[in-house]
Amino acid sequence: MQPDGEPKLAGANITQLFVCMWPSDSAADVVKECKGFTASELRKKSPAILKKLPSRWTCSYFASTVGNLSAASIEHNIANQRGM
C-alpha cells in the first residue's frame with residue numbers, strides 16, 4: 001500500500017508462506033484457501049483496490065516440501081531471499 005492507502009500496482013510482488021499442513025492436504029487447496037481469504041479481506045478493507053485490480057492474485061503458485069529442515073532454517077532462507 002502507498003502512504004495514502006492506495007494499492008501499489010507497479011513492480012513484482014512475491015508472497016512467501018511457510019505453512020505446516022497434513023500430508024493428506026493438497027498444496028493446491030491450501031494455496032486456494034490462502035488466496036481466497038486474503039483477496040476477501042483486501043476487498044473488505046480497501047474497496048478502492050477493486051477499481052484498479054481485476055484480480056488480487058495470479059493463477060500461478062509454487063509449492064515445495066522441505067523434508068527435515070528446521071523451521072529456523074526455512075525462516076532464515078526466506079529472510080535472505082527478501083534481502084533482510
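The values are calculated or read from the model by the stated rules, or taken from the named source; none is laboratory data. Computed from a predicted model, the values in this text were never measured in an experiment. Ideal geometry is used to build each Cβ from the backbone, glycine not excepted, and the neighbour counts take in all protein chains shown.
Among the residues of the range 18-43, just one is assigned to a loop (DSSP other than H, G, I, E, B) and either charged (D, E, K, R) or surrounded by 13 or more Cβ atoms within 10 Å (Cβ to Cβ) (or both), namely Asp25. Please verify whether Ala27 is out of contact with any strand residue (DSSP E or B) (no Cβ under 8 Å at 6 or more places or on another chain) and at pLDDT 85 or above, treating the condition exactly as stated. Here the answer is yes, as Ala27 does meet what is asked.
Being aliphatic (A, V, I, L, M), under 15 Å from the mean Cα position of the chain (by Cα) and at pLDDT below 80 is the filter; apply it to the range 2-24 and report the residue that is farthest from Ala71 (Cα to Cα). Here the answer is Ala12. Could you tell me which residue of the range 43-73 is farthest from Val19 (Cα to Cα), considering only residues that are within 16 Å of the chain's Cα centre (by Cα) and modelled with pLDDT of 75 or more? Going through the qualifying residues, I end up with Arg43.
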